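Notes follow the structure.
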Amino acid sequence: MIMSALHPFVEKVDAIIETHLLDANFGTQELANYLFIDRVQLFRKLKHLTGFPPQTYIRYYRLEKGQELLYNTKLPIKEIAYNIGFKDPAHFTNAYRDLYGIPPSAARK
């Protein structure tokens, strides 16, 4: 998602994250478990292929999905935050602002 999925491993990671998008507790350990590798291997491989450590990659994936929902739906921002796995809409707003430089409400306009 962050990079065009040029590598089958990244495509698999994206598919797993997508499947667990609603799960706010889904993180690095769960991703490693689904890939049948340990966290260190996951870190090394994903960092090598994408430039991002797993937790950052998962967060960016969620935020990109949030951006898609902002542009393509009329869901409230609070609902979008929950739909992409954020427990707290304010945390989503802050993370979105940190990544894109504007709050989600401004991105929608």
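Things worth noting here:
- Of Lys65/Lys87; Lys45/Lys65; Lys12/Lys65, those spanning more than 20 Å from alpha-carbon to alpha-carbon: Lys45/Lys65
- Reach of Lys47 by Cα under 15 Å, taken over aspartates and glutamates that are not fewer than 8 positions away in the same chain: Glu11, Asp14, Asp38
- Low-density loop positions, chymotrypsin sites (Phe, Trp or Tyr not before Pro), region 3-55 - DSSP coil, at most 10 other Cβ in 10 Å: Phe36
- Using the rule -39500 (n - 2.57) for each DSSP H run of four or more residues, divided by the residues of the chain, the 222 nm mean residue ellipticity is -20500 deg cm²/dmol.
Every number in this text was worked out from the coordinates using simple rules, so none of it is lab data. Everything numeric here is computed off the predicted structure, so don't read it as measured data. Because the Cβ atoms are built from the backbone with ideal geometry, glycine has one as well, and the counts that use them run over all protein chains shown.
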